[in-house]
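**Student:** Here it is: the structure, laid out below.
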Amino acid sequence: MQFDLTRQAAHEQSAGCVAVGVFASQALSPSAKLIDKASGGAISAAVKAGDMTGALGDTLLLRGLRGVKAERVLLVGCGKAGDIDAAAYQRIVGAAATAVGRLHGTVAGLYLTELTVAGHDEPLRVRTAVTAADHALYRFTDYKEKPSKRHLKSVLIAGGARQTKKLQAALAQGVALAQGVALARDLGNQPANVCTPTYLAEQAQALAKAHKLELEVLEEAQMRELGMGALLAVARGSRQPPKLIVLKYRGGKPKAAPVVLVGKGVTFDSGGISIKPSAAMDEMKFDMCGAASVLGTVKAAALAQLPVNLIGVVPAAENLPDGNAVKPGDIVKTMAGKTVEILNTDAEGRLLLCDALTYCARFKPDAVIDIATLTGACVVALGAHAHGLLGNDQKLMDALLTAGGTVHDRAWQLPLWREYREQLKSPFADLPNVAGREAGTITAAAFLSAFTDGLRWAHLDIAGTAWKSGKDKSATGRPVGLLAQYLIDRAGG
Ligand code: BES
Ligand code: ZN
Ligand code: MN
């Protein structure tokens, strides 16, 4: 989708459709008022008749209003005027974009940036209008013979006459972030017979080429040399060779310590020998959404030219049962030198991540954030609304919590007390890879924390947030929004 700013007044906008806000109080947004006036009260009449209540996210299409250049006017319910926060604003823009995306016109104008949104100045409202609209208009049609045709080609975002430069920058940043999110969603939605570790490496290669990034892909032999016995154990049952992808974007000062993002890239998680039940097992193609969010965030940072040094690290493997697969009770040696007794081959994410985290030390990072669809327990604890957040550095976690709040891609912190780590006891090895049913999200993070000595580290468990199930099954692109905002905040806004 093409996004541009427009300074044209709503009633003079010649786009196929203009979208304007109506509040639950029946009051009209400034642009709605303009159109109402120009059309001799067409909007107030619709509101008075009860066709548009102004409830958050409701829409009503009016056509052929006299005195209005656009062929169609979309009324969008904005709820209570004083209650618009990041979430409500994204819903309003999303509802408008969804509705105009179904219409016949090729151009639509969204006059929603004029709303008062808690904590959002005008540039942030413009940026968010782009990301929210693009999110709503996203479709994944790679495997449809005849995807339904979409006429909409371009979206105009109303941006006031003042601060044009700032708004242009905000729009461009919105486009960059939206493309990062879309990449994460595309990768997540690809089926596992296409999206293999090799495919992820190829995608990283394409990114490196397009954005002049440094790329290194470690192969099995190199991982063996480094002693990554845990990572390699996961890949043993698969015909697909594992990859360790390292992608570097240098936007910061040459000597500034980098932020390292580590994404779990299990391209299919059958559970291995500890095989999963078959119900909804297809969704385990999404078990690489952490990796997808890392590639998406690197893309967004590069496109937006954020002033930060960023390294994306993706340990990628497929977890399948096979005659050569790792078995419950097997003991492997990690790159850190600690041995792990693999009691459950379905707790594979932490095995990939522990070696990847150890590998990160060489970058002398300022902060390491891993992102992983790590535990079903996190889905139980937090559902689809918040990522689980744990770590060893409160300042880093606070920064992530704040960033998530700003863009409504929220995380919620769980405790990582010593007592949880003490649950991880093996009679034979230094650590077991599982610690019983209780507090599964925390004991998984506790396992990882054994490999983060000397790192400022945070862990995002995105098991509940990375994709939607059911009829709208799709990768969400989360937490690219949170991560990109964290990088923007670090750079000073
Ligand atoms: N990828 C899964 C976690 C998962 C499950 C994410 C369901 C989203 C939905 C992970 O590899 C896994 O299987 N975890 C196990 C850990 C257990 C064996 C300790 C789990 O959560 O059941
Ligand atoms: Zn998994
Ligand atoms: Mn698993």
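The values are calculated or read from the model by the stated rules, or taken from the named source; none is laboratory data. Only a predicted model underlies this, so the values are computations on that prediction, with no experimental measurement involved. Reconstructed Cβ throughout: ideal geometry from the backbone, glycine too, with neighbour counts over all protein chains shown. Only protein heavy atoms, including side chains, enter the accessible area calculation; ligands, DNA and RNA are left aside. Shrake-Rupley method; radii C 1.70, N 1.55, O 1.52, S 1.80 Å.
**Student:** Just give me the residues in the stretch 377-398 being surrounded by 15 or more Cβ atoms within 10 Å (Cβ to Cβ) and not aliphatic (A, V, I, L, M), in sequence order.
**Tutor:** 378, 387, 388, 391, 392, 393
**Student:** Scan the stretch 343-359 and give yes if some residue there is within 16 Å of ligand 2 (Cβ to nearest atom), touching a residue at least 12 places away in the same chain (Cβ under 8 Å) and over 29 Å from the mean Cα position of the chain (by Cα), otherwise no.
**Tutor:** Within the stretch 343-359, one or more residues are within 16 Å of ligand 2 (Cβ to nearest atom), touching a residue at least 12 places away in the same chain (Cβ under 8 Å) and over 29 Å from the mean Cα position of the chain (by Cα).
**Student:** Looking only at the stretch 278-318, which residues are away from ligand 2 (no atom under 14 Å from the Cβ), farther than 24 Å from residue 171 by Cα and assigned to a loop (DSSP other than H, G, I, E, B)?
**Tutor:** Of everything in the stretch 278-318, those that are away from ligand 2 (no atom under 14 Å from the Cβ), farther than 24 Å from residue 171 by Cα and assigned to a loop (DSSP other than H, G, I, E, B) turn out to be 278, 279.
**Student:** Of the numbered conditions (1) open to solvent by less than 30 Å² (accessible area, probe 1.4 Å); (2) touching a residue at least 40 places away in the same chain (Cβ under 8 Å); (3) not small (Gly, Ala, Ser), residue 218 fails exactly one; give the number of that condition.
**Tutor:** (2)
**Student:** So residue 264 passes all but one of these: (1) buried (at least 24 other Cβ atoms within 10 Å of the Cβ); (2) under 18 Å from residue 447 (Cβ atoms); (3) among the basic types (Lys, Arg); (4) out of contact with any Asp or Glu (no Cβ under 8 Å at 6 or more places or on another chain). Which condition number does it fail?
**Tutor:** Result: residue 264 passes all but (4).
**Student:** Looking at the stretch 225-266, which of its residues are in a loop (DSSP other than H, G, I, E, B) and within 16 Å of ligand 1 (Cβ to nearest atom)?
**Tutor:** The answer is 236, 237, 238, 242, 264.
**Student:** Kindly indicate whether residue 336 is open to solvent by 20 Å² or more (accessible area, probe 1.4 Å), among the small types (Gly, Ala, Ser) and either more than 15 Å from ligand 3 (Cβ to nearest atom) or assigned to a loop (DSSP other than H, G, I, E, B) (or both).
**Tutor:** Yes.
**Student:** Just name the residue that is most open to solvent (accessible area, probe 1.4 Å) out of those in the stretch 421-442 that are modelled with pLDDT of 95 or more and within 16 Å of ligand 3 (Cβ to nearest atom).
**Tutor:** By that ranking, first place goes to 434.
**Student:** Assuming residue 224 fulfils every condition listed in (1) surrounded by fewer than 24 Cβ atoms within 10 Å (Cβ to Cβ); (2) more than 16 Å from ligand 3 (Cβ to nearest atom); (3) more than 19 Å from residue 181 (Cα to Cα); (4) in contact (Cβ under 8 Å) with a residue 40 or more places away in the chain apart from one, which condition is it?
**Tutor:** (4)
**Student:** Can you confirm whether residue 199 is touching a helix residue (DSSP H, G or I) at 6+ places or on another chain (Cβ under 6 Å), buried (at least 16 other Cβ atoms within 10 Å of the Cβ) and of a type outside the set (A, V, I, L, M)?
**Tutor:** Taking the combined requirement at face value, the residue does not satisfy it.
**Student:** Follow-up. Could you please give the count of residues in the stretch 74-100 that are closer than 23 Å to residue 166 by Cβ, touching a helix residue (DSSP H, G or I) at 6+ places or on another chain (Cβ under 8 Å) and outside any helix (DSSP H, G or I)?
**Tutor:** 1
**Student:** Of the residues in the stretch 458-472, how many are open to solvent by 10 Å² or more (accessible area, probe 1.4 Å), within 13 Å of ligand 1 (Cβ to nearest atom) and either closer than 20 Å to residue 119 by Cα or charged (D, E, K, R) (or both)?
**Tutor:** 1
**Student:** Looking at (1) closer than 19 Å to residue 270 by Cβ; (2) more than 16 Å from ligand 1 (Cβ to nearest atom), which one does residue 358 not meet, given that it meets all the others?
**Tutor:** (1)
**Student:** Okay, moving on. Which of the residues that make up the stretch 1-37 are in a helix (DSSP H, G or I) and either of a type in the set (Ser, Thr, Tyr) or farther than 26 Å from residue 153 by Cβ (or both)?
**Tutor:** Selection gives 30, 31, 33, 36, 37.
**Student:** Among the residues of the stretch 267-277, what is the count of those that are touching an Asp or Glu at 6+ places or on another chain (Cβ under 7 Å) and part of a loop (DSSP other than H, G, I, E, B)?
**Tutor:** Summing the residues that are touching an Asp or Glu at 6+ places or on another chain (Cβ under 7 Å) and part of a loop (DSSP other than H, G, I, E, B) in the stretch 267-277 gives 4.
Rundown of residues vs (1) open to solvent by less than 40 Å² (accessible area, probe 1.4 Å); (2) within 16 Å of ligand 3 (Cβ to nearest atom); (3) in a loop (DSSP other than H, G, I, E, B), yes/no style:
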| site | (1), (2), (3) |
| --- | --- |
| 360 | yes, no, no |
| 400 | yes, no, no |
| 447 | yes, yes, no |
| 451 | yes, no, yes |
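**Student:** Only residues that are assigned to a loop (DSSP other than H, G, I, E, B), among the hydrophobic types (A, V, I, L, M, F, W, C) and in contact (Cβ under 8 Å) with a residue 60 or more places away in the chain: list them for the stretch 408-434, please.
**Tutor:** Once the filter is applied, which keeps residues that are assigned to a loop (DSSP other than H, G, I, E, B), among the hydrophobic types (A, V, I, L, M, F, W, C) and in contact (Cβ under 8 Å) with a residue 60 or more places away in the chain, the stretch 408-434 yields 428, 429, 434.
**Student:** Out of (1) surrounded by fewer than 24 Cβ atoms within 10 Å (Cβ to Cβ); (2) within 16 Å of ligand 2 (Cβ to nearest atom); (3) of a type in the set (A, V, I, L, M, F, W, C), the odd one out for residue 367 is which?
**Tutor:** Exception for residue 367: condition (2).
Yes or no, residue by residue, for (1) in contact (Cβ under 8 Å) with a residue 60 or more places away in the chain; (2) of a type in the set (D, E, K, R); (3) surrounded by fewer than 19 Cβ atoms within 10 Å (Cβ to Cβ):
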residue: 4; (1), (2), (3): yes, yes, yes
residue: 13; (1), (2), (3): yes, no, no
residue: 24; (1), (2), (3): no, no, yes
residue: 28; (1), (2), (3): no, no, no
residue: 33; (1), (2), (3): no, yes, yes
residue: 63; (1), (2), (3): no, yes, yes
residue: 72; (1), (2), (3): no, yes, no
